[in-house]
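For reference, the structure discussed in these notes is given below.
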Amino acid sequence: MELNGTAAIVSGGASGLGEATSRMLAAAGSRVFVADLSEQRGKAVADEIGGQFVRTDVADEWSVHAAVADGQRGVIINTASIAGIEGQTGQVAYSASKGGIIGMTLPAARDLAAIGVRVNTIAPGVIDTPIYGGGPGSEEFKARMTAPVVFPKRMGTAAEFAHLVRALIENDYMNAEVIRFDGGIRFQPK
């Protein structure tokens with residue numbers, strides 16, 4: 001799918017991975033709808049990229065319906081976590097929630113294929129976003145999180161995540177897949 005001239009709705013588009021994705025899609029020529037709860041940050045990002053802010057609560061079905069323009073079809077890219085593939089001791093609820101997203105990929109793709117929608121899921125590992133904070137304590141925490149990454153020996157970046165989103169959109173044959181995006185990390189037993 002060619003990105004130039006398409007419309008893109010990015011949930012959580014005002015920060016972190018969503019913001020990087022919003023910026024990448026806008027740079028590629030898409031008209032981006034920044035769907036987020038944070039009006040101040042969402043409007044700022046939308047203004048910077050020439051997009052439009054749409055206040056959206058993804059936990060509210062009607063809010064999501066209001067954000068989707070004219071029932072348009074295309075590509076859905078879910079974001080889960082590698083924790084949904086291989087959980088860790090003490091993270092049962094988190095792993096189950098991410099596993100549920102991953103489990104939706106193939107059935108959703110089969111249901112949506114008839115109307116021309118592709119569905120893929122990215123399962124990231126440790127990605128350096130503002131959620132980790134700043135300062136000496138956060139750098140120490142990030143170093144511990146990065147220790148089991150195989151290569152490259154660092155956290156992933158939001159820009160790299162956005163690049164993968166673009167590749168999935170542009171490759172018309174990618175459908176019903178869960179893509180690990182984790183530098184080869186494998187959780188160690190605690």
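The values are calculated or read from the model by the stated rules, or taken from the named source; none is laboratory data. What you see is a predicted model; the values in this text were computed from it and never measured. Note that each Cβ is placed from the backbone with ideal geometry, even for glycine, and that neighbours are counted across all protein chains shown.
Checked against (1) small (Gly, Ala, Ser); (2) surrounded by fewer than 17 Cβ atoms within 10 Å (Cβ to Cβ); (3) more than 15 Å from Ile76 (Cα to Cα), Ala26 passes all but condition (2).
Evaluation of Val75 against the conditions (1) touching a Phe, Trp or Tyr at 6+ places or on another chain (Cβ under 8 Å); (2) surrounded by 15 or more Cβ atoms within 10 Å (Cβ to Cβ) shows that the sole unmet condition is (1).
Would you mind telling me which numbered condition in (1) part of a helix (DSSP H, G or I); (2) within 25 Å of Asp172 (Cβ to Cβ) Ala66 fails? Looking at each condition in turn, Ala66 falls short on (2). When the residues of the stretch 156-182 are filtered to those that are farther than 22 Å from Gly103 by Cα and buried (at least 19 other Cβ atoms within 10 Å of the Cβ), the one that is farthest from the chain's Cα centre (by Cα) is Gly156.
Which members of the stretch 1-34 meet the condition of being touching a strand residue (DSSP E or B) at 6+ places or on another chain (Cβ under 7 Å), among the β-branched types (Val, Ile, Thr) and more than 18 Å from Thr129 (Cβ to Cβ)? Passing the criteria: Ile9, Val32.
Total residues in the stretch 49-63 satisfying the condition of being free of Cβ contacts under 8 Å to residues at least 12 places away in the same chain and either aliphatic (A, V, I, L, M) or part of a helix (DSSP H, G or I) (or both): the figure is 4.
Only one entry in Leu37, Leu25, Leu3 is touching a residue at least 60 places away in the same chain (Cβ under 8 Å) and either acidic (Asp, Glu) or more than 17 Å from Ala158 (Cα to Cα) (or both), namely Leu3.
Cβ separations smaller than 6 Å between residues 6+ apart or across chains give the following pairs from the stretch 170-190 residues that are closer than 17 Å to Ala80 by Cβ and of a type in the set (Val, Ile, Thr) to residues that are part of a loop (DSSP other than H, G, I, E, B) and at pLDDT 90 or above: Ile185/Gly125; Ile185/Pro148; Ile185/Val149.
A search for C-beta distances below 9 Å between a residue of the stretch 139-165 that is small (Gly, Ala, Ser) and any residue that is surrounded by fewer than 14 Cβ atoms within 10 Å (Cβ to Cβ), counting only pairs 6+ apart in sequence or on different chains, returns Ala147/Lys153; Ala147/Gln188. Which count do you get for residues in the stretch 98-135 that are in a helix (DSSP H, G or I) and in contact with a helix residue (DSSP H, G or I) (Cβ under 9 Å, 6 or more places away or on another chain)? The total comes to 9.
Restricting Ser95, Ser138 to residues that are of a type in the set (S, T, N, Q), in a helix (DSSP H, G or I), under 27 Å from Ser22 (Cβ atoms) and more than 12 Å from the chain's Cα centre (by Cα) narrows the list to Ser138.
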